[in-house]
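Report on the structure given below.
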Amino acid sequence: MAIAETFTHAAPATTALEDWVDEIAGLTQPDRIHWVDGSPRENEVLLHEMVTEGKLIKLNPEWRPGSYLARSHPSDVARTEARTFIASESETDAGPTNNWADPVAIRETLKPLFAGSMRGRTMYVVPFSMGPVGGPLSQIGVQITDSAYAVTSIGIMTRVGDEVRQLIAEGQPWVKTVHSVGAPLVPGAQDVAWPCNDEKYIVHFPEALEVWSYGSGYGGNAILAKKCFALRIASVIGRDEGWLAEHMLLIRVISPEGKAYHVAAAFPSACGKTNLAMLRPTIPGWRVETLGDDIAWLRPGEDGRLWAINPEAGFFGVAPGTGDETNVAAVETLWGNTIFTNVALRPDGDVWWEGLTREAPPHLTDWEGNPWTPDSGRPAAHPNSRFTVSASQCPQIADDWDAPEGVPIDAILFGGRRATNVPLVVEAADWSQGVFMGSNISSERTAAAEGTVGELRRDPFAMLPFCGYNMGDYFAHWLNIGQQLWFDRAPRIFQVNWFRKGEDGGFLWPGFGENSRVIDWIIRRVEGEVGAVASPIGRLPRIEDLNLEGIDVPKANLDALFAIDTESWQKEADLTEEFYATFEGTVPAALRAELASLRYRLKYA
Ligand code: GTP
Ligand code: SPV
Ligand code: MN
């Protein structure tokens, strides 16, 4: 029996939803429609079907129960920023950092692509909630997709179920998202393991609250609840309603005295969010509980504090570099019930990637399905290979991680991957200097998006690929949010950089669990327990205030980690000025004033 027949069942009548589903089915012409209910049994059937169709490899249940490996098409391994568009009514609303598309024209472009694009396939209708269903900070949406891989991923990353259809029936606003891999099957044609299309479009309609994605099966292009909705569309909703949708991890830090603090941190893609989210402090007495690893929605509360939720329900994390020595909590999270994409396969039916263990196994099948040995001269796992796993499996997830009202934030961190210039940690004097720091994040490119790895680019608030509206307006919105927080209750803002390198090209700071030493200093600053040294770029720690007990970081490294080279910083200020100049005058005066005072301090300090 076809799966659609097995699972089609009575659900609350939601005319608007059903009309829309009919309309999309009329356009895309699927063979079957399957209303996804999010049940474990449905998930099992979908996974089983994909194994039968050769789309997933079932891993050896002895090592990795309930887990699967997907191998993407070699061309469909990361977000495609050049094919990602914001189709706002006015071009200025998308500018200058997004690709803008005229909404009327792009709908005309998309229509023939989607016409018949689901022929021979099942069209899945997936109702989902971002944040706990019905929560005050939560939002709902529906994804239509012809990819079962996307359905099972959405099932892990969001809350899927009929309660969402109930909310839609009750008239709650919802976001419409349509996804097709763009690979219709003509009768009798053999399907491939990873259907996709060379032509790709990831198009957002912020006014209509719609996302249309064509041609890609990869995470950020296909799990539309994630970057497309929870960041690009949600940032627009947040602009209009007075809150923030951010590319941030969320943690609770518990001090040796037993006091809890909440920290949100924005780092660009593949720059350490999942790692910090699952931090295992190396300094005695400190504990970290995980709340989220990629996205946070933050809203000023009536108490003058900034409250945050993680709208997701799972982790779509970078595999390479995840091992017992770096992120043991992630390794433990991945014990089972995980979908891996583009990692290597071991002969015993388990998975492997660079960094999982110190030594590579002697024989593997690489992410493209070819035989691999350690002297093959290429990575066994794709650098952007990922795991998809439920947040609830994380051994250090906070008990109340899905509390609908969220948690109050004490500190916000901005960071990037910078081999030079940016110190290990520096504190902003106030909200406006903090927003200035956020607006200036720059980072070396990683494998998380197409482009040249290693090249330095500006990535304000780690939101360059994810802000759904005008970046200058977004800066102003951050400043406005600050004004709604009561002065002494606003989170303190810090800039961090785990990636500074020495002259030998090695990292100056051991990173990972040792980052707890930086968190310790940050919390003691929040508590006003330690002083700081003024520098032209912000407040630096006094070395004697850093807890460095039990690690062996040479004095020369410490000096280098905090060295502020005035000349390089003047160049950095020039780059900021050039960057701001691309904003056609929309950079708020307060940030231009921050730049001017930075220049002043660099000159006269
Ligand atoms: P996205 O999921 O793409 O948003 O990435 P992310 O920000 O969650 O990055 P993640 O934590 O997955 O880290 C990406 C890479 O950075 C991995 O290879 C990590 O091993 C490495 N990394 C993370 N933290 C540190 C650190 O403190 N020091 C060093 N040297 N590398 C780190
Ligand atoms: C990122 O690239 O920031 C990710 C992966 O977290 S994706 O969902 O593809 O955007
Ligand atoms: Mn991310």
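Projecting the Cα atoms of Ala403, Leu231, Val343 onto the charge dipole of the chain, computed from C-beta unit charges around the Cα centre, puts Val343 farthest toward the positive end. Ordering 363-373, 306-316 by mean Cβ neighbour count within 10 Å, with the highest value first, yields 306-316, 363-373.
Taking each of Lys227/Lys501; Lys227/Lys571; Lys226/Lys259; Lys501/Lys571; Lys273/Lys571; Lys58/Lys226 in turn, the alpha-carbon distance tops 22 angstrom for Lys227/Lys501; Lys227/Lys571; Lys226/Lys259; Lys273/Lys571; Lys58/Lys226.
Once the Cα-Cα distance is subtracted from the 0.36 nm per residue extended length, the Thr566 to Thr357 segment shows a gain of 71.1 nm.
Using a 1.4 Å probe over the heavy atoms of the protein chains, calculate the carbon and sulfur portion of the accessible area of the chain as a whole percent. Carbon plus sulfur share of accessible area: 51 percent. Comparing Trp212, Thr446, Phe475 along the charge dipole axis of the chain, the residue lying farthest to the positive side is Thr446, per the Cβ-charge model.
Paramagnetic label reach from Trp486 (point 7 Å along Cα→Cβ; backbone nitrogen cut-off under 20 Å): within segment 300-324, residues 300-308. Scoring 407-418, 49-60, 183-194, 239-250 by mean Cβ neighbours within 10 Å over their residues and listing the highest first yields 407-418, 239-250, 49-60, 183-194.
Annotation: per residue accessible area for the chain equals 38 Å², rounded to a whole number [probe 1.4 Å, protein chains only]. Applying 1/(1 + (r/R0)^6) with R0 = 56 Å to the Cβ-Cβ distance of Tyr600 and Lys111 gives a FRET efficiency near 0.55. Applying 0.36 nm per residue to the separation of Val45 and Asn421 and subtracting their alpha-carbon distance, the gain on full extension is 130.1 nm. Sorting the segments 138-145, 255-262 by their mean number of nearby beta carbons within 10 angstrom, highest to lowest, gives 138-145, 255-262. In the chain, the DSSP-assigned H stretches of four residues or longer account for a calculated mean residue ellipticity at 222 nm of -7500 deg cm²/dmol, using -39500 (n - 2.57) per stretch and the full residue count as denominator. When only the Cβ of Lys, Arg, Asp and Glu is charged (+1, +1, -1, -1), the dipole of the chain relative to its Cα centre reaches about 680 debye. So which lysines can Lys111 reach, going by Cα to Cα under 19 Å and dropping same-chain residues fewer than 8 places off? Partners within reach: Lys176, Lys200.
Only beta bridges with both residues in segment 413-537 are counted; by DSSP, about 70 percent of them are antiparallel.
The values are calculated or read from the model by the stated rules, or taken from the named source; none is laboratory data. Note that the structure is predicted; figures quoted are calculated from it, not measured. As a convention, Cβ positions derive from the backbone with ideal geometry for all residues, glycine included, and neighbour counts pool all protein chains shown. Only protein heavy atoms, including side chains, enter the accessible area calculation; ligands, DNA and RNA are left aside. Shrake-Rupley method; radii C 1.70, N 1.55, O 1.52, S 1.80 Å.
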